[in-house]
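*Asks:* Sending over a structure as C-alpha coordinates; questions will come in a sec.
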Amino acid sequence: MRRQRDAYKLGPWKPPPSSLPAALIPLRLPVPIGATCRRRSRLLSTTTASVAAPSMDLPAYVERLRGGAPAKFPADANSLPFAQTLDSQDALRHLRYEFVLPTKTSIKKTALDGTLPSTAQTRTNGASTTNGTAPEEDPDVGIYFVGNSLGAQPKAVRRYIDAQLETWASIGVNGHFKTLENSPLTQWQDMAEACAQQSADLVGASPNEIVIMNTLTVNLHMMMASFYKPDAKRHKIILEWRPFPSDYYAIESQIVWHGLDPATSMVKIEPDANSYMSTETILAAIDANADDTALLLLPGIQYYSGQLLDMPTITKYAHARGIVVGWDLAHAAGNVELRLHDWDVDFACWCTYKYINAGPGAIAGAFVHERHGRVEWPAGPDAAPTYRPRLTGWYGGDKSVRFNMDNKFVPTPGAGGYQASNPSALELANLAGALSVFNKTTMRDLRSKALVLTAYAEHLLDGILADAEGDAPFRILTPRDPLQRGTQLSVMLRDGLLDDVTAALELNGVLCDKRKPGVIRVAPVPLYSRFEDVWRFMQILRGALKL
(Lines give C-alpha, C1' and ligand atoms only; values in the text may rest on other atoms or scores of the structure.)
Protein backbone atom coordinates (compact mmCIF):
# COMPACT_ATOMS: atom_id res chain seq x y z
CA MET A 1 0.00 0.00 0.00
CA ARG A 2 1.20 3.53 -0.74
CA ARG A 3 2.01 5.49 2.36
CA GLN A 4 -0.33 8.44 2.72
CA ARG A 5 2.04 11.33 3.43
CA ASP A 6 2.30 14.85 2.21
CA ALA A 7 5.56 15.87 3.80
CA TYR A 8 9.14 14.86 3.18
CA LYS A 9 10.07 12.88 6.28
CA LEU A 10 13.68 12.45 7.25
CA GLY A 11 15.28 9.46 8.91
CA PRO A 12 17.66 9.63 11.84
CA TRP A 13 21.10 10.95 11.07
CA LYS A 14 23.88 8.39 10.73
CA PRO A 15 27.50 9.32 10.15
CA PRO A 16 28.65 8.79 6.56
CA PRO A 17 31.46 6.35 5.83
CA SER A 18 34.16 9.03 5.84
CA SER A 19 34.93 11.05 8.94
CA LEU A 20 33.46 14.56 8.99
CA PRO A 21 35.00 17.75 10.30
CA ALA A 22 33.46 18.55 13.66
CA ALA A 23 31.83 21.69 12.27
CA LEU A 24 29.85 19.60 9.79
CA ILE A 25 28.45 17.01 12.18
CA PRO A 26 24.73 17.61 12.82
CA LEU A 27 23.97 18.07 16.48
CA ARG A 28 20.33 17.01 16.35
CA LEU A 29 17.87 15.00 14.36
CA PRO A 30 16.73 16.78 11.21
CA VAL A 31 13.33 18.44 11.57
CA PRO A 32 10.69 17.18 9.12
CA ILE A 33 9.08 19.67 6.76
CA GLY A 34 6.04 21.16 8.42
CA ALA A 35 7.44 20.87 11.94
CA THR A 36 6.76 23.89 14.12
CA CYS A 37 9.42 26.39 15.08
CA ARG A 38 8.81 25.50 18.71
CA ARG A 39 9.81 21.91 18.06
CA ARG A 40 12.91 23.08 16.22
CA SER A 41 13.81 25.31 19.17
CA ARG A 42 13.27 22.47 21.60
CA LEU A 43 15.64 20.23 19.66
CA LEU A 44 18.23 22.97 19.39
CA SER A 45 18.07 23.58 23.12
CA THR A 46 19.36 20.07 23.79
CA THR A 47 22.65 20.75 21.98
CA THR A 48 25.83 22.13 23.45
CA ALA A 49 25.44 25.89 23.57
CA SER A 50 29.05 26.59 22.59
CA VAL A 51 28.85 24.71 19.27
CA ALA A 52 27.03 26.25 16.32
CA ALA A 53 24.29 24.23 14.62
CA PRO A 54 25.23 23.01 11.13
CA SER A 55 24.01 24.74 7.99
CA MET A 56 23.20 21.52 6.14
CA ASP A 57 19.55 20.77 6.89
CA LEU A 58 17.82 18.93 4.06
CA PRO A 59 14.25 19.89 5.00
CA ALA A 60 15.23 23.55 5.19
CA TYR A 61 16.53 23.38 1.62
CA VAL A 62 13.28 21.73 0.55
CA GLU A 63 11.23 24.49 2.13
CA ARG A 64 13.23 27.21 0.41
CA LEU A 65 13.10 25.56 -2.99
CA ARG A 66 9.40 24.75 -2.77
CA GLY A 67 8.88 28.45 -2.13
CA GLY A 68 10.80 29.30 -5.30
CA ALA A 69 13.83 30.65 -3.39
CA PRO A 70 17.47 29.63 -3.84
CA ALA A 71 18.71 26.81 -1.64
CA LYS A 72 21.55 28.93 -0.16
CA PHE A 73 24.13 26.19 0.18
CA PRO A 74 27.06 27.06 2.46
CA ALA A 75 30.60 27.82 1.33
CA ASP A 76 31.73 24.29 2.15
CA ALA A 77 29.03 22.61 0.02
CA ASN A 78 31.58 21.53 -2.59
CA SER A 79 32.89 18.66 -0.48
CA LEU A 80 32.31 14.95 -0.21
CA PRO A 81 31.43 15.13 3.51
CA PHE A 82 28.73 17.72 2.80
CA ALA A 83 27.16 15.53 0.08
CA GLN A 84 27.34 12.44 2.28
CA THR A 85 25.68 14.25 5.16
CA LEU A 86 22.76 15.25 2.92
CA ASP A 87 22.51 11.59 1.89
CA SER A 88 22.43 10.54 5.54
CA GLN A 89 19.40 12.81 6.06
CA ASP A 90 17.54 11.39 3.05
CA ALA A 91 14.57 9.23 4.03
CA LEU A 92 14.40 7.86 0.46
CA ARG A 93 18.00 6.63 0.27
CA HIS A 94 16.97 2.98 0.66
CA LEU A 95 15.07 3.11 -2.65
CA ARG A 96 18.39 3.19 -4.52
CA TYR A 97 18.81 -0.47 -3.66
CA GLU A 98 15.56 -1.29 -5.46
CA PHE A 99 17.49 -0.80 -8.73
CA VAL A 100 20.21 -2.49 -10.74
CA LEU A 101 22.59 0.29 -11.73
CA PRO A 102 25.26 -0.05 -14.42
CA THR A 103 28.80 -0.27 -13.12
CA LYS A 104 32.08 1.01 -14.51
CA THR A 105 32.76 -2.59 -15.55
CA SER A 106 29.35 -3.46 -16.96
CA ILE A 107 29.09 -0.46 -19.31
CA LYS A 108 32.15 -1.83 -21.12
CA LYS A 109 30.45 -5.17 -21.72
CA THR A 110 30.53 -6.35 -25.36
CA ALA A 111 28.87 -9.76 -24.96
CA LEU A 112 26.32 -11.35 -22.67
CA ASP A 113 27.96 -13.39 -19.90
CA GLY A 114 25.07 -14.23 -17.59
CA THR A 115 25.99 -11.63 -14.95
CA LEU A 116 24.22 -8.50 -13.74
CA PRO A 117 25.74 -5.46 -12.06
CA SER A 118 24.89 -4.94 -8.41
CA THR A 119 24.39 -1.71 -6.50
CA ALA A 120 25.00 -3.47 -3.16
CA GLN A 121 28.35 -4.96 -2.27
CA THR A 122 28.03 -8.71 -1.63
CA ARG A 123 30.13 -11.14 0.36
CA THR A 124 31.50 -14.33 -1.14
CA ASN A 125 28.51 -16.27 0.21
CA GLY A 126 26.18 -13.95 -1.70
CA ALA A 127 24.67 -12.25 1.35
CA SER A 128 24.54 -8.50 1.16
CA THR A 129 26.47 -6.63 3.77
CA THR A 130 24.77 -3.71 5.46
CA ASN A 131 25.76 -0.36 6.81
CA GLY A 132 22.96 0.93 9.00
CA THR A 133 19.69 0.59 7.10
CA ALA A 134 21.19 0.32 3.60
CA PRO A 135 23.50 -2.23 1.95
CA GLU A 136 27.14 -1.36 1.55
CA GLU A 137 27.77 0.42 -1.73
CA ASP A 138 29.67 -1.42 -4.45
CA PRO A 139 32.57 0.90 -5.37
CA ASP A 140 32.25 -0.17 -9.01
CA VAL A 141 28.76 1.34 -9.35
CA GLY A 142 28.70 4.09 -11.94
CA ILE A 143 26.78 7.36 -11.97
CA TYR A 144 23.47 7.00 -13.81
CA PHE A 145 22.26 10.49 -14.71
CA VAL A 146 20.33 9.52 -17.83
CA GLY A 147 16.92 8.61 -16.39
CA ASN A 148 15.46 11.40 -18.54
CA SER A 149 16.21 9.15 -21.53
CA LEU A 150 15.94 5.63 -20.09
CA GLY A 151 15.36 4.89 -16.42
CA ALA A 152 17.44 2.39 -14.50
CA GLN A 153 16.16 -1.17 -14.15
CA PRO A 154 14.09 -1.86 -11.01
CA LYS A 155 14.89 -5.21 -9.44
CA ALA A 156 11.16 -5.85 -9.16
CA VAL A 157 10.80 -5.99 -12.96
CA ARG A 158 12.65 -9.31 -13.19
CA ARG A 159 10.44 -10.79 -10.47
CA TYR A 160 7.26 -9.57 -12.18
CA ILE A 161 8.35 -10.87 -15.58
CA ASP A 162 9.24 -14.24 -14.06
CA ALA A 163 5.75 -14.38 -12.55
CA GLN A 164 4.24 -13.58 -15.92
CA LEU A 165 6.25 -16.26 -17.70
CA GLU A 166 5.40 -18.87 -15.06
CA THR A 167 1.71 -18.00 -15.34
CA TRP A 168 1.77 -18.27 -19.12
CA ALA A 169 3.68 -21.55 -19.04
CA SER A 170 1.51 -23.06 -16.31
CA ILE A 171 -2.07 -22.14 -17.19
CA GLY A 172 -1.79 -20.77 -20.72
CA VAL A 173 -4.82 -18.87 -21.97
CA ASN A 174 -6.50 -19.13 -18.57
CA GLY A 175 -4.11 -16.42 -17.41
CA HIS A 176 -6.54 -13.92 -18.91
CA PHE A 177 -9.12 -14.75 -16.24
CA LYS A 178 -7.26 -16.35 -13.35
CA THR A 179 -4.96 -14.81 -10.75
CA LEU A 180 -2.48 -17.23 -9.22
CA GLU A 181 -1.71 -17.11 -5.52
CA ASN A 182 1.68 -15.68 -4.53
CA SER A 183 1.84 -13.72 -7.79
CA PRO A 184 2.48 -9.97 -7.76
CA LEU A 185 0.28 -9.77 -10.86
CA THR A 186 -3.44 -9.87 -11.36
CA GLN A 187 -5.16 -11.74 -14.21
CA TRP A 188 -4.17 -10.43 -17.61
CA GLN A 189 -7.43 -8.74 -18.52
CA ASP A 190 -7.18 -6.58 -15.38
CA MET A 191 -3.47 -5.71 -15.55
CA ALA A 192 -3.87 -2.42 -17.43
CA GLU A 193 -6.48 -1.30 -14.94
CA ALA A 194 -4.20 -2.28 -12.05
CA CYS A 195 -1.35 -0.25 -13.55
CA ALA A 196 -3.72 2.70 -13.92
CA GLN A 197 -4.48 2.49 -10.20
CA GLN A 198 -0.75 2.41 -9.42
CA SER A 199 -0.24 5.48 -11.64
CA ALA A 200 -2.83 7.73 -10.01
CA ASP A 201 -0.37 9.55 -7.72
CA LEU A 202 2.13 10.03 -10.55
CA VAL A 203 -0.23 12.15 -12.65
CA GLY A 204 -2.79 13.43 -10.16
CA ALA A 205 -5.84 11.70 -11.51
CA SER A 206 -8.41 9.11 -10.54
CA PRO A 207 -7.64 5.61 -11.85
CA ASN A 208 -10.60 5.68 -14.23
CA GLU A 209 -9.10 8.74 -15.95
CA ILE A 210 -5.94 6.77 -16.81
CA VAL A 211 -5.48 4.16 -19.51
CA ILE A 212 -2.33 2.12 -20.08
CA MET A 213 -1.92 1.29 -23.77
CA ASN A 214 0.25 1.52 -26.86
CA THR A 215 3.29 3.83 -26.93
CA LEU A 216 3.53 7.59 -26.67
CA THR A 217 3.24 8.69 -30.30
CA VAL A 218 0.46 6.21 -31.00
CA ASN A 219 -1.43 7.57 -28.00
CA LEU A 220 -0.97 11.12 -29.23
CA HIS A 221 -2.59 10.04 -32.49
CA MET A 222 -5.39 8.25 -30.61
CA MET A 223 -6.09 11.35 -28.55
CA MET A 224 -5.93 13.75 -31.49
CA ALA A 225 -8.32 11.49 -33.41
CA SER A 226 -10.86 12.25 -30.70
CA PHE A 227 -9.93 15.77 -29.60
CA TYR A 228 -8.68 17.49 -32.78
CA LYS A 229 -11.84 18.29 -34.70
CA PRO A 230 -10.95 21.08 -37.13
CA ASP A 231 -13.70 22.99 -38.91
CA ALA A 232 -13.92 26.00 -41.17
CA LYS A 233 -13.36 28.36 -38.24
CA ARG A 234 -11.09 26.49 -35.81
CA HIS A 235 -8.34 24.45 -37.42
CA LYS A 236 -5.00 25.45 -35.88
CA ILE A 237 -2.85 23.50 -33.43
CA ILE A 238 -0.56 25.51 -31.14
CA LEU A 239 2.70 23.71 -30.42
CA GLU A 240 6.26 24.62 -29.55
CA TRP A 241 8.71 25.64 -32.22
CA ARG A 242 10.93 22.60 -31.86
CA PRO A 243 9.22 19.76 -29.98
CA PHE A 244 10.61 16.27 -29.85
CA PRO A 245 10.51 15.27 -33.55
CA SER A 246 7.93 12.52 -33.09
CA ASP A 247 5.44 15.02 -31.64
CA TYR A 248 6.01 17.31 -34.61
CA TYR A 249 5.45 14.47 -37.05
CA ALA A 250 2.27 13.39 -35.29
CA ILE A 251 0.80 16.90 -35.24
CA GLU A 252 1.79 17.62 -38.82
CA SER A 253 0.36 14.35 -40.08
CA GLN A 254 -2.93 14.90 -38.26
CA ILE A 255 -3.30 18.27 -39.96
CA VAL A 256 -2.51 16.77 -43.37
CA TRP A 257 -4.90 13.87 -42.65
CA HIS A 258 -7.70 16.41 -42.34
CA GLY A 259 -6.79 17.94 -45.69
CA LEU A 260 -5.24 21.06 -44.20
CA ASP A 261 -1.94 22.83 -44.81
CA PRO A 262 0.60 22.67 -41.93
CA ALA A 263 1.95 26.06 -43.02
CA THR A 264 -1.31 27.71 -42.01
CA SER A 265 -2.62 25.29 -39.36
CA MET A 266 0.50 24.93 -37.17
CA VAL A 267 1.27 27.76 -34.76
CA LYS A 268 4.82 27.33 -33.45
CA ILE A 269 5.82 29.11 -30.25
CA GLU A 270 9.49 30.09 -30.42
CA PRO A 271 11.74 30.24 -27.36
CA ASP A 272 14.11 33.10 -26.65
CA ALA A 273 17.87 32.98 -27.20
CA ASN A 274 18.26 30.91 -24.01
CA SER A 275 15.76 28.23 -25.15
CA TYR A 276 13.17 29.59 -22.70
CA MET A 277 9.44 29.89 -23.43
CA SER A 278 7.90 32.29 -20.96
CA THR A 279 4.32 31.80 -19.86
CA GLU A 280 3.60 35.30 -21.17
CA THR A 281 4.86 34.31 -24.63
CA ILE A 282 2.63 31.24 -24.64
CA LEU A 283 -0.43 33.18 -23.49
CA ALA A 284 0.24 35.82 -26.15
CA ALA A 285 0.32 33.11 -28.82
CA ILE A 286 -3.01 31.82 -27.54
CA ASP A 287 -4.53 35.30 -27.71
CA ALA A 288 -3.19 35.93 -31.21
CA ASN A 289 -4.78 32.72 -32.51
CA ALA A 290 -7.71 32.25 -30.13
CA ASP A 291 -10.48 32.46 -32.70
CA ASP A 292 -9.14 29.85 -35.09
CA THR A 293 -7.29 27.39 -32.81
CA ALA A 294 -8.80 23.97 -32.21
CA LEU A 295 -6.08 22.41 -30.03
CA LEU A 296 -3.11 23.39 -27.90
CA LEU A 297 -0.57 20.58 -27.47
CA LEU A 298 2.60 21.37 -25.51
CA PRO A 299 5.15 19.48 -23.44
CA GLY A 300 4.86 19.52 -19.68
CA ILE A 301 8.66 19.69 -19.61
CA GLN A 302 10.58 20.71 -22.72
CA TYR A 303 12.89 17.81 -23.52
CA TYR A 304 15.89 19.88 -24.68
CA SER A 305 16.02 22.67 -22.11
CA GLY A 306 14.35 20.92 -19.19
CA GLN A 307 11.91 23.81 -18.65
CA LEU A 308 8.75 22.95 -16.71
CA LEU A 309 5.80 24.84 -18.17
CA ASP A 310 3.05 26.39 -16.06
CA MET A 311 0.46 23.80 -17.01
CA PRO A 312 -2.44 24.95 -14.79
CA THR A 313 -2.21 28.58 -15.91
CA ILE A 314 -1.85 27.75 -19.60
CA THR A 315 -4.66 25.19 -19.49
CA LYS A 316 -7.08 27.58 -17.81
CA TYR A 317 -6.18 30.41 -20.19
CA ALA A 318 -6.70 28.30 -23.31
CA HIS A 319 -9.96 26.82 -22.03
CA ALA A 320 -11.33 30.32 -21.43
CA ARG A 321 -10.86 30.91 -25.17
CA GLY A 322 -12.57 27.70 -26.23
CA ILE A 323 -9.39 25.73 -27.00
CA VAL A 324 -8.96 22.03 -26.20
CA VAL A 325 -5.76 21.37 -24.22
CA GLY A 326 -3.50 18.33 -24.34
CA TRP A 327 -0.07 17.76 -22.79
CA ASP A 328 2.85 15.53 -23.70
CA LEU A 329 4.22 14.45 -20.31
CA ALA A 330 7.12 12.31 -21.52
CA HIS A 331 9.57 14.26 -19.33
CA ALA A 332 7.10 15.19 -16.59
CA ALA A 333 5.42 11.94 -15.51
CA GLY A 334 7.37 10.44 -12.63
CA ASN A 335 9.50 13.58 -12.46
CA VAL A 336 7.33 16.40 -11.09
CA GLU A 337 4.04 16.59 -9.23
CA LEU A 338 1.06 16.68 -11.57
CA ARG A 339 -2.63 17.42 -10.90
CA LEU A 340 -4.19 16.65 -14.26
CA HIS A 341 -7.74 16.28 -12.96
CA ASP A 342 -7.64 19.41 -10.81
CA TRP A 343 -6.04 21.42 -13.62
CA ASP A 344 -8.97 20.40 -15.87
CA VAL A 345 -6.66 19.08 -18.61
CA ASP A 346 -8.58 17.50 -21.50
CA PHE A 347 -6.02 14.80 -22.29
CA ALA A 348 -2.38 13.96 -21.72
CA CYS A 349 0.04 11.26 -22.84
CA TRP A 350 3.30 9.98 -21.39
CA CYS A 351 5.86 7.26 -21.86
CA THR A 352 6.98 5.00 -19.00
CA TYR A 353 10.59 4.25 -19.94
CA LYS A 354 12.12 7.49 -18.64
CA TYR A 355 11.42 8.50 -15.06
CA ILE A 356 8.95 5.63 -14.51
CA ASN A 357 11.63 3.01 -15.33
CA ALA A 358 9.52 0.41 -17.16
CA GLY A 359 12.17 -0.41 -19.76
CA PRO A 360 13.04 0.60 -23.34
CA GLY A 361 9.98 1.14 -25.52
CA ALA A 362 7.66 0.24 -22.65
CA ILE A 363 3.90 0.54 -22.82
CA ALA A 364 2.64 4.11 -22.36
CA GLY A 365 -0.10 5.91 -20.48
CA ALA A 366 -2.81 8.42 -21.30
CA PHE A 367 -5.14 10.63 -19.29
CA VAL A 368 -8.66 11.55 -20.34
CA HIS A 369 -10.60 13.88 -18.05
CA GLU A 370 -13.65 12.21 -16.58
CA ARG A 371 -16.02 14.54 -18.46
CA HIS A 372 -14.76 13.09 -21.74
CA GLY A 373 -15.08 9.48 -20.59
CA ARG A 374 -18.79 9.46 -19.82
CA VAL A 375 -21.01 6.80 -21.34
CA GLU A 376 -24.69 7.77 -21.26
CA TRP A 377 -27.94 6.12 -22.27
CA PRO A 378 -30.36 8.95 -23.08
CA ALA A 379 -32.76 6.67 -24.96
CA GLY A 380 -32.71 3.90 -22.36
CA PRO A 381 -30.57 0.80 -21.70
CA ASP A 382 -31.77 -1.02 -24.82
CA ALA A 383 -30.69 1.76 -27.18
CA ALA A 384 -27.18 2.67 -28.29
CA PRO A 385 -25.13 4.65 -25.77
CA THR A 386 -23.68 8.09 -26.43
CA TYR A 387 -20.03 8.90 -25.79
CA ARG A 388 -17.25 11.08 -27.13
CA PRO A 389 -16.22 9.89 -30.61
CA ARG A 390 -12.88 8.10 -30.73
CA LEU A 391 -11.03 5.37 -32.62
CA THR A 392 -12.45 2.15 -31.22
CA GLY A 393 -11.41 -1.44 -30.80
CA TRP A 394 -12.64 -4.44 -28.86
CA TYR A 395 -10.53 -3.83 -25.76
CA GLY A 396 -12.12 -0.44 -25.29
CA GLY A 397 -15.40 -2.26 -24.84
CA ASP A 398 -16.80 -2.71 -21.36
CA LYS A 399 -15.79 -6.03 -19.77
CA SER A 400 -19.45 -6.94 -19.29
CA VAL A 401 -19.91 -7.15 -23.06
CA ARG A 402 -16.36 -7.49 -24.36
CA PHE A 403 -16.65 -11.20 -25.02
CA ASN A 404 -20.17 -11.17 -26.44
CA MET A 405 -18.59 -11.14 -29.91
CA ASP A 406 -21.31 -8.97 -31.41
CA ASN A 407 -21.09 -5.66 -33.25
CA LYS A 408 -22.57 -3.48 -30.53
CA PHE A 409 -19.73 -1.41 -29.10
CA VAL A 410 -20.27 -0.26 -25.52
CA PRO A 411 -17.16 1.58 -24.30
CA THR A 412 -15.73 1.18 -20.86
CA PRO A 413 -16.60 4.33 -18.91
CA GLY A 414 -13.57 6.55 -18.39
CA ALA A 415 -10.21 6.53 -20.14
CA GLY A 416 -10.31 2.74 -20.52
CA GLY A 417 -12.88 3.19 -23.26
CA TYR A 418 -10.19 4.72 -25.47
CA GLN A 419 -8.29 1.43 -25.74
CA ALA A 420 -8.36 -0.39 -29.04
CA SER A 421 -6.30 -3.56 -28.67
CA ASN A 422 -5.39 -6.15 -26.06
CA PRO A 423 -2.28 -4.74 -24.32
CA SER A 424 0.82 -6.88 -23.97
CA ALA A 425 0.80 -8.69 -20.63
CA LEU A 426 4.60 -8.86 -20.69
CA GLU A 427 4.87 -5.09 -21.05
CA LEU A 428 2.28 -4.59 -18.33
CA ALA A 429 4.36 -6.84 -16.06
CA ASN A 430 7.36 -4.56 -16.70
CA LEU A 431 5.33 -1.51 -15.82
CA ALA A 432 3.69 -3.06 -12.76
CA GLY A 433 7.13 -3.95 -11.39
CA ALA A 434 8.43 -0.42 -12.00
CA LEU A 435 5.36 1.17 -10.41
CA SER A 436 5.72 -1.04 -7.34
CA VAL A 437 8.77 1.04 -6.41
CA PHE A 438 6.83 4.30 -6.71
CA ASN A 439 4.18 2.80 -4.46
CA LYS A 440 6.76 2.71 -1.66
CA THR A 441 6.82 6.52 -1.59
CA THR A 442 4.92 9.53 -2.96
CA MET A 443 5.51 11.98 -5.76
CA ARG A 444 5.62 14.78 -3.21
CA ASP A 445 8.54 13.17 -1.40
CA LEU A 446 10.35 12.39 -4.65
CA ARG A 447 9.88 15.95 -5.85
CA SER A 448 11.17 17.31 -2.54
CA LYS A 449 14.40 15.34 -2.84
CA ALA A 450 14.72 16.15 -6.55
CA LEU A 451 14.48 19.89 -5.91
CA VAL A 452 17.52 19.73 -3.63
CA LEU A 453 19.48 17.30 -5.83
CA THR A 454 19.09 19.54 -8.87
CA ALA A 455 19.79 22.73 -6.92
CA TYR A 456 22.95 21.12 -5.54
CA ALA A 457 24.03 20.17 -9.06
CA GLU A 458 23.37 23.74 -10.21
CA HIS A 459 25.38 25.12 -7.27
CA LEU A 460 28.39 22.96 -8.11
CA LEU A 461 28.15 23.83 -11.81
CA ASP A 462 28.23 27.50 -10.85
CA GLY A 463 31.36 26.74 -8.84
CA ILE A 464 33.02 25.29 -11.91
CA LEU A 465 32.12 28.40 -13.91
CA ALA A 466 33.55 30.61 -11.16
CA ASP A 467 36.86 28.74 -11.33
CA ALA A 468 37.12 28.81 -15.12
CA GLU A 469 39.47 31.31 -16.72
CA GLY A 470 38.73 32.95 -20.03
CA ASP A 471 35.63 31.91 -21.98
CA ALA A 472 33.07 30.00 -19.95
CA PRO A 473 33.19 26.28 -20.80
CA PHE A 474 29.40 25.99 -20.67
CA ARG A 475 26.14 27.68 -19.78
CA ILE A 476 23.04 26.23 -18.13
CA LEU A 477 19.95 26.36 -20.37
CA THR A 478 17.49 25.13 -17.76
CA PRO A 479 15.65 27.87 -15.81
CA ARG A 480 17.21 28.94 -12.50
CA ASP A 481 13.79 29.05 -10.87
CA PRO A 482 13.39 25.64 -9.14
CA LEU A 483 9.65 25.72 -9.84
CA GLN A 484 10.28 25.96 -13.59
CA ARG A 485 12.29 22.79 -13.97
CA GLY A 486 12.25 19.13 -13.12
CA THR A 487 15.24 16.95 -12.30
CA GLN A 488 17.15 17.68 -15.51
CA LEU A 489 19.75 20.38 -16.04
CA SER A 490 20.69 21.02 -19.66
CA VAL A 491 24.30 22.16 -19.98
CA MET A 492 25.33 23.79 -23.27
CA LEU A 493 29.04 23.19 -23.72
CA ARG A 494 31.32 25.55 -25.59
CA ASP A 495 31.78 24.60 -29.24
CA GLY A 496 34.08 21.65 -29.74
CA LEU A 497 33.84 20.23 -26.21
CA LEU A 498 30.94 17.78 -26.51
CA ASP A 499 32.71 14.68 -27.79
CA ASP A 500 35.69 14.95 -25.45
CA VAL A 501 33.55 15.64 -22.40
CA THR A 502 31.11 12.79 -23.02
CA ALA A 503 33.99 10.39 -23.71
CA ALA A 504 35.64 11.37 -20.42
CA LEU A 505 32.37 10.96 -18.52
CA GLU A 506 31.76 7.46 -19.85
CA LEU A 507 35.38 6.47 -19.25
CA ASN A 508 34.75 7.29 -15.58
CA GLY A 509 31.52 5.31 -15.37
CA VAL A 510 29.10 8.20 -15.93
CA LEU A 511 26.06 7.81 -18.16
CA CYS A 512 24.25 10.99 -19.16
CA ASP A 513 22.53 12.13 -22.31
CA LYS A 514 24.02 14.28 -25.06
CA ARG A 515 22.15 16.26 -27.68
CA LYS A 516 23.93 17.89 -30.59
CA PRO A 517 25.28 20.41 -31.19
CA GLY A 518 26.62 20.69 -27.65
CA VAL A 519 24.20 19.85 -24.83
CA ILE A 520 24.60 17.30 -22.08
CA ARG A 521 21.42 16.66 -20.11
CA VAL A 522 22.22 15.82 -16.50
CA ALA A 523 19.39 14.17 -14.57
CA PRO A 524 20.00 13.00 -10.97
CA VAL A 525 16.79 10.99 -10.50
CA PRO A 526 15.73 10.95 -6.82
CA LEU A 527 14.72 7.28 -6.76
CA TYR A 528 18.29 6.08 -7.22
CA SER A 529 20.65 9.08 -7.24
CA ARG A 530 22.61 10.39 -4.26
CA PHE A 531 24.06 13.77 -3.40
CA GLU A 532 27.38 11.99 -3.39
CA ASP A 533 26.77 11.03 -7.03
CA VAL A 534 26.22 14.70 -7.86
CA TRP A 535 29.45 15.71 -6.16
CA ARG A 536 31.47 12.94 -7.81
CA PHE A 537 30.00 13.78 -11.22
CA MET A 538 31.16 17.37 -10.87
CA GLN A 539 34.71 16.29 -10.05
CA ILE A 540 34.75 14.16 -13.19
CA LEU A 541 33.32 17.04 -15.23
CA ARG A 542 35.99 19.37 -13.86
CA GLY A 543 38.64 16.92 -15.02
CA ALA A 544 37.04 16.60 -18.44
CA LEU A 545 37.10 20.40 -18.75
CA LYS A 546 40.71 20.45 -17.51
CA LEU A 547 39.85 22.69 -14.55
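*Asks:* Among the helices of the chain (complete DSSP H runs), which have Cα atoms covering no less than 15 Å along the helix axis and a Kyte-Doolittle mean of at least 0.0? It would help to have the intermediate numbers written out before the result.
*Replies:* Values: long enough: 155-171 (25 Å, -0.28); 191-203 (18 Å, 0.37); 216-227 (16 Å, 1.16); 245-257 (18 Å, -0.17); 425-438 (20 Å, 1.51); 443-467 (36 Å, 0.29); 531-544 (20 Å, 0.07).
For the chain, where a helix must reach 15 Å along its axis and average at least 0.0, the hits are 191-203, 216-227, 425-438, 443-467, 531-544.
*Asks:* Over the chain, with the other protein chains present, what is the accessible area per residue in square angstrom, probe 1.4 angstrom?
*Replies:* Here the residues of the chain average 44 Å² of exposed surface.
*Asks:* Just the Cα atoms of the range 250-317: what Rg and Dmax do they give in Å?
*Replies:* My reading of the Cα-based Rg and Dmax gives 12.8, 36 Å.
*Asks:* So, one more: If DNA, RNA and ligands are ignored and the probe is 1.4 Å, what is the ranking of F227, F177 by accessible area, most exposed first?
*Replies:* F177, F227
*Asks:* Quick one: putting +1 on the C-beta of Lys and Arg, -1 on the C-beta of Asp and Glu, what dipole do you get for the chain around its Cα centre, in Debye to the nearest 20?
*Replies:* It comes to approximately 1200 debye.
*Asks:* Shifting gears a bit: Report the full-extension gain for the segment T386 to L507: residue separation times 0.36 nm, less the Cα-Cα distance, to one decimal in nm.
*Replies:* 37.6 nm
*Asks:* Here's another thing I want to ask about it. Kirkwood Rh, Cα Rg: Rg to Rh for the range 430-547?
*Replies:* 1.00
*Asks:* So how exposed is H372, as accessible area in Å² (1.4 Å probe, rounded to 10)?
*Replies:* Rounded to the nearest 10, that gives 30 Å².
*Asks:* Accessible area of the chain with a 1.4 Å probe: how many percent of it is carbon plus sulfur? Before the final figure, lay out the partial values.
*Replies:* Details: 12730 of 24050 Å².
Ligands and nucleic acids excluded, carbon and sulfur reach 53 percent.
*Asks:* Could you sort 343-351, 376-384, 62-70 so that the peptide with the highest average Cβ count within 10 Å comes first and the rest follow in order?
*Replies:* 343-351, 62-70, 376-384
*Asks:* Please report the projected area of the chain's Cα convex hull averaged over all directions, in nm². Intermediate results must be reported in sequence, preceding the final value.
*Replies:* Numbers: hull surface 120.3 nm².
The Cα convex hull of the chain, projected and averaged over all directions, gives 30.1 nm².
*Asks:* Relative contact order for the chain: what is it in percent, counting Cα pairs under 8 Å that are at least 6 residues apart?
*Replies:* Relative contact order of the chain: 20 percent.
*Asks:* Distance check, please: which entries in K354/K440; K440/K514; K449/K514; K233/K399; K72/K104 exceed 28 angstrom between their Cα atoms?
*Replies:* Where the Cα-Cα span goes over 28 Å, the pairs concerned are K440/K514; K233/K399; K72/K104.
*Asks:* Whole number please: convex hull volume per residue of the Cα set in the range 253-370, in Å³?
*Replies:* In the range 253-370, the Cα convex hull volume per residue is 129 Å³.
*Asks:* A further question on this structure: When the convex hull of the C-alpha atoms of the range 444-486 is computed, what volume per residue in Å³ does it have? Before the final figure, lay out the partial values.
*Replies:* Numbers: hull volume 2.6 nm³, N = 43.
Looking at the range 444-486, the number lands at 59 Å³ per residue.
*Asks:* On to the next question. Rank these residues by their accessible area, most exposed first, probe 1.4 Å: V267, V519.
*Replies:* V267, V519
The values are calculated or read from the model by the stated rules, or taken from the named source; none is laboratory data. None of these values were measured; they are calculated from a predicted model. All Cβ positions, even for glycine, are placed from backbone atoms using ideal geometry, and neighbour counts span all protein chains on display. For accessibility, only protein heavy atoms count, side chains too; no ligands or nucleic acids. Shrake-Rupley method; radii C 1.70, N 1.55, O 1.52, S 1.80 Å.
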